[in-house]
1. Which one, ILE116, ASN150, PHE131, projects farthest toward the positive side of the charge dipole computed for the stretch 108-228 from Cβ point charges (K/R +1, D/E -1)?
2. Please list PHE204, PHE198, PHE105 from largest to smallest accessible area, probe radius 1.4 Å, with all protein chains kept in place.
3. Compare the Cα positions of VAL210, VAL56, VAL166 along the charge dipole of the chain (+1 at Cβ of Lys, Arg; -1 at Cβ of Asp, Glu; about the Cα centre) and return the one farthest towards the positive end.
4. Tally Lys and Arg at +1 and Asp and Glu at -1 over the other residues with C-beta under 11 Å from the C-beta of ASN202: what net charge comes out?
5. Where nothing but the Cβ of Lys and Arg (+1) and of Asp and Glu (-1) is charged, how large is the charge dipole of the chain around its Cα centre, in debye to the nearest 20?
6. What number comes out for the charge environment of ILE49, summing +1 per Lys or Arg and -1 per Asp or Glu over other residues with Cβ under 15 Å away?
7. Running a GNM on the chain with Cα contacts under 10 Å, which residue among ASN62, ASN202, ASN123 ends up with the highest mean-square fluctuation?
8. With a Förster radius of 30 Å, plug the Cβ-Cβ distance of ILE116 and HIS18 into 1/(1 + (r/R0)^6) and report the FRET value to the nearest 0.05.
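The values are calculated or read from the model by the stated rules, or taken from the named source; none is laboratory data. Computed from a prediction, not measured in an experiment: that's the story for all the values here. Positions of Cβ are backbone-derived with ideal geometry, glycine not excepted, and every protein chain shown enters the neighbour counts. These area figures cover heavy atoms from the full protein model, side chains too; ligands, DNA and RNA do not enter into them. Shrake-Rupley method; radii C 1.70, N 1.55, O 1.52, S 1.80 Å.
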Amino acid sequence: ILIEIIKCYNYYFQKKFHLMLETAREAEKSLQFISKRELFMKECFLHRISEVLGPVYLHLNNLKLARHYAFTIINAEICAKTVSDASYIVGMSYLLEDGRKCVEFLQKSFDISKTIGDQDIENEARLNLDFAKLYLEVPLDDDSDETLLNYQENKSEVNLNSLKEVMYQRGDDDLIRLFEAKMRGTDEKLHECLNEFFQQSNYFFSSLIVKVMREKGDKSYWTENVIK
């Protein structure tokens, strides 16, 4: 089971999400063969598998299962880091459905990160929260990153390029494409971006792009179904 979980980490960094999902499911099935006398071991593996499946189901836009596995981790309360990460998954799963809930859980993720004692983790959680606010057009706090504040105040090409640099340093290529498409917003750019996300099986970001298309006037039956 542990070997299968480690394979999942490898698939994650290769962005082979379907292989990751299939491998994690097989590992989850294997839990039934752990005896009742080894309940603690079984719960540890379930926690690790949930850490894998939460992000995968979010990526594949299965929001119900993403929340299920994230809440498995939150309710276990094994450590602050995993609860913070799981709260991020829940928050992002509400990005399209409920902006208030999205910000609420991302704020929780950030608040928990401040108790860990690792500045990098805290900074990451704060940027996650603020990028979601930017997407939702929720006002940023005054102490947010200056680059993000400038972009929210004035969505100019210069400020977009500065914002992209912050995303690039974090390795957020998907976010870069999303914000570019949201700002520049030509039909050609939106469809190009959507095609890239589909090829990567990144159905969550595909739904975010389609939402932008809908906001720009595309109310077709196809658009509504892709969001779902």
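1. PHE131
2. Values: PHE204 10, PHE198 85, PHE105 30 Å².
Correct descending sequence by accessible area is PHE198, PHE105, PHE204.
3. VAL56
4. Details: positive: LYS15, ARG177; negative: ASP173, ASP174, GLU196.
That sum, taken over residues with Cβ under 11 Å, equals -1.
5. Numbers: 30 positive and 38 negative charges, 213 e Å.
Here the size comes out at about 1020 debye.
6. Values: positive: LYS7, ARG25, LYS29, LYS42, ARG48; negative: GLU4, GLU22, GLU26, GLU28, GLU43, GLU51, ASP85.
Summing Lys/Arg as +1 and Asp/Glu as -1 gives -2.
7. Most flexible of the set in this elastic network: ASN123.
8. Numbers: r = 32 Å, r/R0 = 1.07.
Plugging the Cβ-Cβ distance into 1/(1 + (r/R0)^6) gives 0.40.
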